[in-house]
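No value in this document is a laboratory result; all are computed from the given coordinates. This structure is a prediction, so every number in the text was calculated from the model and none was measured. When we count neighbours, we look across all protein chains shown, and the Cβ atoms used for this are built from the backbone with ideal geometry, even at glycine.
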Amino acid sequence: MFLAQTDMSFIWQTGGFVLLFGMLYLLFLRPAMKQEKERSNLQNSLQKNDKILTSGGIYGTVVSVSDTADELLLRVDDQVKIRVTRAGVVRNFTREEASKTPVKPG
């Protein structure tokens, strides 16, 4: 009798840990992985003439994208260009506008 109670207690404890891990995965890990994948896709899809926003709040237009280094050259004003890393890009307005524009069948 005592052995059966101990086995059931172990099963409930193990099941509780599995359930807790599953909830943590669904609530925290999965959304974080999805967000990281979207961020990676954004940074890898940058092209010349894309209008972007950096994490520092700087709006600019991509002048060139380096293939060897992890950086971009941005034009922020006439005669003003800066270098930023791809990781500093948080939004791509050109892609956002392109995805909002409805495609007419025809």
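Among the residues in segment 41-48, are any over 18 Å from the mean Cα position of the chain (by Cα) and over 20 Å from A87 (Cβ atoms)?
No, segment 41-48 contains no residue that is over 18 Å from the mean Cα position of the chain (by Cα) and over 20 Å from A87 (Cβ atoms).
Condition first: touching a Leu at 6+ places or on another chain (Cβ under 8 Å) and over 15 Å from R95 (Cα atoms). Now tell me which residues in segment 55-76 satisfy that.
I58, V63, S64, V65, S66, L72
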